[in-house]
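Chemist: Got a structure for you, questions after.
Each value in this text was obtained by applying a stated rule to the coordinates, not by laboratory testing. Model, not experiment: these values are computed from the prediction. Cβ: placed from backbone, ideal geometry, glycine included. Neighbour counts: every protein chain shown.
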Amino acid sequence: MPIASINPTTGATFAEFAEHDAHEVDARIGAAQNAFHALSGTDFATRARWMRSAADLLDADVDAVAELITREMGKTLAQARGEVHKSAKAMRFYADNAETFLSGSALDDPSAVGATAARTVYQPLGVVLAVMPWNYPIWQVVRFAAPALMAGNTGLLKHASNVPQSALYLDSLFERGGFPAGSFGSLLISAGEVEGVIRDRRVVAVTLTGSEPAGRSVAAIAGSEVKHVVLELGGSDPFIVMPSADLDAAVAAAVASRTANNGQACINAKRFIVHADIHDAFVEKFAAAMGALRVGDPLDERTEVGPLATSTGRAELAELVEDALTAGARAVTGGRSPDGDGWFYPPTVLTDVTDRMRLYREEAFGPVAAVYHATDAADALRIANDTTFGLSSAVWTEDAAEEALLTAGLQAGAVFINGMSVSYPELPFGGIKDSGVGRELSAEGIREFCNLKSIWKA
Ligand code: NAP
């Protein structure tokens, strides 16, 4: 893929960048390693001051950065502004909490291990490579970078090829905040060049947020080098609605959860599993609300759903829907790419989806909802777990027994009860099964790239 900003609203390329050559990549890895020596000697208070300063700069840049995000990948301006402020908030969260999260612990009874004292400390590892996707061009990077830098690591970013200007903005952000030069840098390289960076002896670990094939490839390379890896991959999250739920609230959340980020979030609800008693009423309200959304130019403040980010992304989504329709699914609303410029796809609700269709198994990365019938909570659970993914999930019920059954049984990294899946700096974020390994955010996220050292004293 060329490294270029291509406006998904028009299909026009508005900036192109040459890839960094081997010499530049080597220099940037070297700068990150040198910065690690400088950074690991600083204390939490100093790093927190720099991190808060970078957060202030990001907040102050909100209008320019939000417009850049919208032009590069098509989310609405309001959502782009939200992404910028959420990122700054996460930076402050780690500035405030990193020291506590990494304080380690001491054994109450060291004699149990034959010591006079025994404790643990968390120490930074070194240069960490982050391979990141375009769907939240600032947030995905910050939720890695803020904890990594606060722990004393340094970071190298290989961003998605279609958001190079977001990558270049982030390239200087942390240095502008006060971090030593080289603490965080962008590599303008193709996916094919990632292997060489992972294998570089100066790079100690890698994190990837993106698709399952990319995750498998990166993990295999990291594994062969015995380097730590965190993977945040795809999802096909279930959204279960039972008869006791507030139907209108569930429908409103279903629409928001399926169309946030133009339907291109890993934790968008994608499979709607609805009890048979309320299935038809849910479908009617859901399809009406999805069909009424205003689709258009994401720079227009009135727009609710913008275009998909790439032409291939739209083509893949259209193929998935076509496959389902050909095999007997019914489009209650949407279901067909519009003519004209830009990579738009209408909010779509499909019923009668069966396990013979690709849509049953694969992630729909766009505003396409598949609605399934369930006979009871146990049946809903069976359908929800009949997937290779396990990222997040949502359950709508007022019945305590159903809530207990579903919360315990859902194979996912998170369950949201009477709400939609959202990421918060305070809560661990990540998946099981093919949705990934490891956790981001919270105390868990900052500890991923640390050496947990045990110290024993006779
Ligand atoms: P993608 O193709 O996997 O791209 C993500 C990043 O990986 C990009 O920087 C890409 O570079 C790079 N990449 C692709 N193939 C690679 C390979 N073989 N080796 C090394 N790097 C490689 O993902 P996408 O389709 O753009 O993004 C959407 C996917 O990300 C969806 O599945 C979504 O669910 C998932 N996602 C997950 C989370 C989460 O937290 N779990 C969050 C957001 C998105 P190029 O751009 O140069 O190809």
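Chemist: Starting at the first residue of the stretch 111-119, write each ³J(HN,Hα) from the Karplus equation 6.51 cos²θ - 1.76 cosθ + 1.60 with θ = phi - 60°, in whole Hz, x for Gly and Pro.
Modeler: 5, 4, 10, x, 10, 8, 8, 8, 8
Chemist: Provide the FRET efficiency to the nearest 0.05 for the Ala45-Phe17 pair, computing r from the beta carbons and using R0 = 35 Å.
Modeler: So the FRET efficiency works out to roughly 0.40.
Chemist: Next up: Output the peptides 428-436, 77-85, 16-24, 236-244 sorted from most to least packed, where packing is the average of other Cβ atoms within 10 Å over each peptide's residues.
Modeler: Top of the packing list down: 236-244, 428-436, 77-85, 16-24.
Chemist: Once each part is reduced to its C-alpha centroid, what is the distance from the stretch 97-134 to the stretch 395-449 in angstrom?
Modeler: Between the Cα centres of the stretch 97-134 and the stretch 395-449 lies a distance of 24 Å.
Chemist: What residues have an amide H closer than 5 Å to that of Tyr372, excluding those fewer than 5 places away on the same chain, when H is modeled at 1.01 Å from N in the peptide plane?
Modeler: Amide H to amide H, under 5 Å and 5 or more residues apart or across chains, Tyr372 pairs with Phe272, Ile273, Val274.
Chemist: Mind scanning Lys75/Lys453; Lys158/Lys433; Lys227/Lys433; Lys227/Lys270; Lys89/Lys285 and naming the pairs with a C-alpha gap bigger than 31 Å?
Modeler: The pairs that break the limit, which is 31 Å between Cα atoms, are Lys75/Lys453; Lys227/Lys270; Lys89/Lys285.
Chemist: Using modelled amide H (1.01 Å from N, peptide plane; none on Pro or chain starts), what sits under 5 Å from the amide H of Ala394, excluding residues fewer than 5 places away?
Modeler: Phe239, Ile240, Phe416
Chemist: Follow-up question, since we're still on this one. Kindly work out what percent of the DSSP beta bridges joining two residues of the stretch 237-417 are antiparallel, to the nearest 5.
Modeler: 15 percent
Chemist: Restricting to the stretch 313-458, compute how many DSSP beta bridges are antiparallel as a %, nearest 5.
Modeler: 45 percent
Chemist: Shape of the stretch 237-417 from its Cα gyration tensor (a ≥ b ≥ c, root eigenvalues): rounded if a/c is under 1.5, otherwise prolate when a/b > b/c, or oblate?
Modeler: Prolate, because a/c is 1.5 or more and a/b exceeds b/c.
Chemist: Say R0 is 35 Å: what FRET efficiency, to the nearest 0.05, do Ser311 and Ala27 get from their beta-carbon distance?
Modeler: It comes out at approximately 0.55.
Chemist: Between Thr354 and Ile455, what is the label-point separation in nm under the 7 Å Cα-to-beta-carbon projection?
Modeler: 6.5 nm
Chemist: Give me, ordered by chain and number, the residues 5 or more places off Ile432 or on other chains with an amide H under 5 Å from its own placed amide H.
Modeler: Answer set, sorted by chain and number: Gly390, Leu391, Gly413.
Chemist: Residues with beta-carbon under 11 Å from that of Leu308, excluding Leu308: net charge, scoring Lys, Arg +1 and Asp, Glu -1?
Modeler: +1
Chemist: Lys and Arg at +1, Asp and Glu at -1: add these up for the other residues within a Cβ distance under 9 Å of Leu441 and post the number.
Modeler: Summing Lys and Arg as +1 and Asp and Glu as -1 gives -1.
Chemist: What does the highest-first list of 380-392, 193-205, 223-235, 260-272 look like by mean Cβ count within 10 Å?
Modeler: Result, highest mean first: 260-272, 380-392, 223-235, 193-205.
Chemist: Rounded to the nearest 20 debye, what is the charge dipole size of the stretch 115-248 about its Cα centre when +1 sits on each Lys and Arg Cβ and -1 on each Asp and Glu Cβ?
Modeler: Value, rounded to 20: 600 debye.
Chemist: Another question about this same structure. Applying the Karplus parametrisation 6.51 cos²θ - 1.76 cosθ + 1.60 with θ = phi - 60° to the phi angles of the stretch 425-438, what ³J(HN,Hα) value in whole Hz is obtained for each residue in order, glycine and proline being reported as x?
Modeler: Values per residue, Gly and Pro as x: x, 6, 10, x, 10, x, x, 10, 6, 6, 7, x, 9, x Hz.
Chemist: What percent does the relative contact order of the stretch 237-417 come to when contacts are Cα pairs within less than 8 Å and at least six residues apart?
Modeler: Rounded, it is 28 percent for the stretch 237-417.
Chemist: Rank Leu325, Ala412, Thr348 by how far each Cα sits towards the positive end of the charge dipole of the stretch 237-417 (+1 on Lys, Arg Cβ; -1 on Asp, Glu Cβ) and give me just the farthest.
Modeler: Most positive-ward Cα: Leu325.
Chemist: Still on this structure: Students often check this: by mean Cβ neighbours within 10 Å, which of 420-426, 307-313, 58-64 ranks highest, and how do the rest follow?
Modeler: With the highest mean Cβ count within 10 Å placed first, the list reads 307-313, 420-426, 58-64.
Chemist: Based on DSSP H assignment, which helices of the chain show an axial Cα extent of at least 15 Å together with a mean Kyte-Doolittle hydropathy greater than or equal to 0.5?
Modeler: TM-like helix candidates: 62-73, 139-151, 247-259.
Chemist: I need the phi-derived Karplus couplings for the stretch 354-363: 6.51 cos²θ - 1.76 cosθ + 1.60, θ = phi - 60°, integer Hz, Gly and Pro marked x.
Modeler: Working through the residues one at a time gives 10, 6, 7, 9, 4, 4, 5, 9, 9, 6 Hz.
Chemist: Next question, about the same structure. In the chain, what % of DSSP beta bridges are antiparallel (nearest 5)?
Modeler: 35 percent
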